[in-house]
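So the structure is just underneath, and the comments pick up after that.
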Amino acid sequence: MAYKLLIVDDLIADRVALHKMIMGFGDLNLELIGTCQSGTEAIEWIQTYRPDVVVSDLEMPVMDGIQLAK
């Protein structure tokens, strides 16, 4: 069973790059379950889909990665 991964970044190019980079490490046993463009959107995803791993940008408008982690 793969670990569920959620990527959070306000820039689509960064979300795509993170996805490619992380999935390039095939031995990590991760399955991308979604991407979000804000911390507030990520909160909904986290509550609904319960990812095992969240990779988040630290600097985003409205809710940054630090606030999301709290």
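The values are calculated or read from the model by the stated rules, or taken from the named source; none is laboratory data. Every value quoted in this text rests on a predicted model; they were computed, and no experiment measured them. For neighbour counting, all protein chains shown are included, and Cβ atoms are generated from backbone atoms with ideal geometry for every residue, glycine included. Side chains are part of the model used for accessible areas, which takes the heavy atoms of the whole protein and leaves out ligands, DNA and RNA. Shrake-Rupley method; radii C 1.70, N 1.55, O 1.52, S 1.80 Å.
If A42 meets every condition in (1) at pLDDT 95 or above; (2) open to solvent by 40 Å² or more (accessible area, probe 1.4 Å); (3) assigned to a helix (DSSP H, G or I) apart from one, which number is that one?
Going through (1) at pLDDT 95 or above; (2) open to solvent by 40 Å² or more (accessible area, probe 1.4 Å); (3) assigned to a helix (DSSP H, G or I) one by one, A42 breaks only (2).
Show the residue pairs meeting these rules: Cβ distance below 7 Å; 6+ apart or different chains; first residue within region 48-70 and free of Cβ contacts under 8 Å to residues at least 40 places away in the same chain; second residue open to solvent by 40 Å² or more (accessible area, probe 1.4 Å) and assigned to a helix (DSSP H, G or I).
Partner pairs satisfying both residue conditions: L58/I66; V62/T40; M63/T40.
Please specify each residue of region 12-30 satisfying the condition of being in contact with a helix residue (DSSP H, G or I) (Cβ under 9 Å, 6 or more places away or on another chain) and either open to solvent by 30 Å² or more (accessible area, probe 1.4 Å) or outside any helix (DSSP H, G or I) (or both).
L28, L30 - these are the residues of region 12-30 that are in contact with a helix residue (DSSP H, G or I) (Cβ under 9 Å, 6 or more places away or on another chain) and either open to solvent by 30 Å² or more (accessible area, probe 1.4 Å) or outside any helix (DSSP H, G or I) (or both).
If you go through region 45-70, how many residues are assigned to a strand (DSSP E or B) and touching a Phe, Trp or Tyr at 6+ places or on another chain (Cβ under 6 Å)?
Kept after step one, since they are assigned to a strand (DSSP E or B), are these residues of region 45-70: 53-56.
Cutting the leftovers down to touching a Phe, Trp or Tyr at 6+ places or on another chain (Cβ under 6 Å) gives us 53.
Number of matching residues: 1.
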